[in-house]
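Worksheet: one structure, shown below.
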Amino acid sequence: NASALAAEFAPLRHRATAVNLTIVCVPLGGMLGGIVAASVLPVHGWRALYAVGGFAPLLFAAVLWRYLPESLHHETNTGRVPLRELFSTELARDTFGLWLAFFANLAAVYLVFGWLPALLAAQGQLPAAASAGLAAYNFGGVCGALLWTQALARWG
C-alpha cells in the first residue's frame, strides 16, 4: 500500500526513488525490531516484547488514520475496473512478474525473520545477540535498498 501511494503521489521523475524508499521500510522495521528485541527481551522477557510489538503498530495505524491522505485515484474514480483487466494481454506479464517478485522477496525476508534468531540461539548465542544478528541482517537490507534506489535514480 505504501508503495502504491508513493507511486501515485510522487512526481514522475521521482517515482522510482519514492517507491524504493517505501520498500526500505521492511528491512528498516526488521532492524529496529531486532534492536528493540535485544534490549527488551533479556530484561523484560518475551511477553513484554510482544506487548511492544503489538502496541507500536496500533499507534502507527492511528497516526496514519489521522494524517494519510486519500488516494487521488479513489477520489476521482467514476467507474470500476474489473479484476480481469490485470490479466489482459497488456498487463498479464507485469501482473505475474510483480506477484512473483513480491512473493519471493517476502518469503525470503520472513524466512530469515523467523529463523535467524532461533538458529543463532541454537548455536549458543544469548537472546540479545540473536536479536542483534537479526538487526545486522536487516541493516544489510537497508543499505542494499538505498544503493538500489541511487542506482535507479542515476541510470533508470
Taking the range 1-43, which residues are out of contact with any Gly (no Cβ under 9 Å at 6 or more places or on another chain) and not in a helix (DSSP H, G or I)? Asn1, Ala10, Pro11
Checking Gly53 against (1) at pLDDT below 85; (2) assigned to a helix (DSSP H, G or I); (3) farther than 25 Å from Leu152 by Cα; (4) not hydrophobic (A, V, I, L, M, F, W, C), only one condition comes out false. Which one? (1)
What's the number of the condition Gly97 fails, among (1) open to solvent by less than 90 Å² (accessible area, probe 1.4 Å); (2) outside any helix (DSSP H, G or I)? (2)
Among (1) open to solvent by less than 50 Å² (accessible area, probe 1.4 Å); (2) assigned to a loop (DSSP other than H, G, I, E, B), the one test that Pro69 misses: (1)
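In the range 107-128, which residues are assigned to a helix (DSSP H, G or I) and either small (Gly, Ala, Ser) or farther than 16 Å from Phe139 by Cα (or both)?
Scanning the range 107-128 gives Ala107, Ala108, Leu111, Gly114, Trp115, Ala118, Leu119, Leu120, Ala121, Ala122, Pro127, Ala128.
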Please enumerate the residues belonging to the range 108-124 that are free of Cβ contacts under 8 Å to residues at least 40 places away in the same chain and open to solvent by less than 90 Å² (accessible area, probe 1.4 Å). Ala108, Val112, Gly114, Leu116, Ala118, Leu120, Ala121, Ala122, Gly124
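The values are calculated or read from the model by the stated rules, or taken from the named source; none is laboratory data. Since the model is a prediction, treat every value here as computed from it, not as a measurement. Virtual Cβ from ideal backbone geometry, glycine too; neighbours counted across all protein chains shown. What goes into the accessible areas is simple: the full protein's heavy atoms, side chains included, and nothing from ligands, DNA or RNA. Shrake-Rupley method; radii C 1.70, N 1.55, O 1.52, S 1.80 Å.
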